[in-house]
């Protein structure tokens, strides 16, 4: 798994190349560099998850709690509103920086809120629905009273406390940047594994596997890295507009906690899949 974890960190490093504030880049990297064993287990878990068949009900539980494009869009939208509210009392130059920060935040969620459809880019919620429904055999995975396992929401609940609900808005922006950075590594790592699972375990053709997994593919390459750059720029502009110094120590601590919690969360998601015997043997 060492090779996969190197790939993961490679994607993260690539996203950080254009960050001019190298102290910020090092702070954000702190959690990745300090927890190699956890990242190895994280990658191993994804390999394990995409090497076996799973029951229909366990897959429904998994997809019910795994991703929420609408939830992510709501969180970033809330940050935009907070930025605009704070900008009202600032001088013109600072207010302009705040508006630029809000615009960068908006670029992160264009496809999540459906605006990408104006330019031929599918709504991410529709892609997630298609993927989950195809894999589960129906859209019953949406029935939260039946399939929502609280452990699948613990991590997103923690993220939500800090993005967008952190008492200090700059901390919400720090969490947003950290989330986009981790996503850059995760999507690029897991997408080929899920596609291989669809082909080798579920018997999909290569073309159909790519179609079903398009929710993952649209986040690969430079997409999440670009989202991270928007988040980092929003953080820089907000700090400048409000006269705050970027707290590198706090960001490094956030990075360490985020990586640890994300790795732990994937173990919990894997346990959801393993709770029953596969139905498609």
Study note, to complete from the structure: Note on the stretch 78-92: residues over 26 Å from the mean Cα position of the chain (by Cα) and within 17 Å of residue 240 (Cβ to Cβ) are 86, 87, 89, 90, 91, 92
Point to revise | Filter result for residue 210 (surrounded by fewer than 19 Cβ atoms within 10 Å (Cβ to Cβ), under 21 Å from residue 116 (Cβ atoms) and either in contact with a helix residue (DSSP H, G or I) (Cβ under 8 Å, 6 or more places away or on another chain) or at pLDDT below 95 (or both)) | key: yes
Review point. Can you name the residue in the stretch 188-197 that is surrounded by 16 or more Cβ atoms within 10 Å (Cβ to Cβ) and without any contact (Cβ under 8 Å) to a residue 40 or more places away in the chain and, of all such residues, is nearest to residue 136 (Cα to Cα)?
Key: 195
Point to revise | Test for residue 202: is it in contact with a helix residue (DSSP H, G or I) (Cβ under 9 Å, 6 or more places away or on another chain), surrounded by fewer than 22 Cβ atoms within 10 Å (Cβ to Cβ) and either without any contact (Cβ under 8 Å) to a residue 24 or more places away in the chain or part of a helix (DSSP H, G or I) (or both) | key: no
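Scan the stretch 1-34 residue by residue and report those that are outside any helix (DSSP H, G or I) and in contact (Cβ under 8 Å) with a residue 40 or more places away in the chain.
Of the residues in the stretch 1-34, the ones outside any helix (DSSP H, G or I) are 1, 17-21, 34.
Across the stretch 1-34, the qualifying residues are 1, 18, 19, 21, 34.
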Practice item. Check residue 37 against each of (1) more than 18 Å from the chain's Cα centre (by Cα); (2) touching a residue at least 12 places away in the same chain (Cβ under 8 Å) and name the one condition it does not meet. Key: (2)
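The values are calculated or read from the model by the stated rules, or taken from the named source; none is laboratory data. Since the structure is predicted, the reported quantities are computational estimates derived from the model, not experimental observations. When we count neighbours, we look across all protein chains shown, and the Cβ atoms used for this are built from the backbone with ideal geometry, even at glycine.
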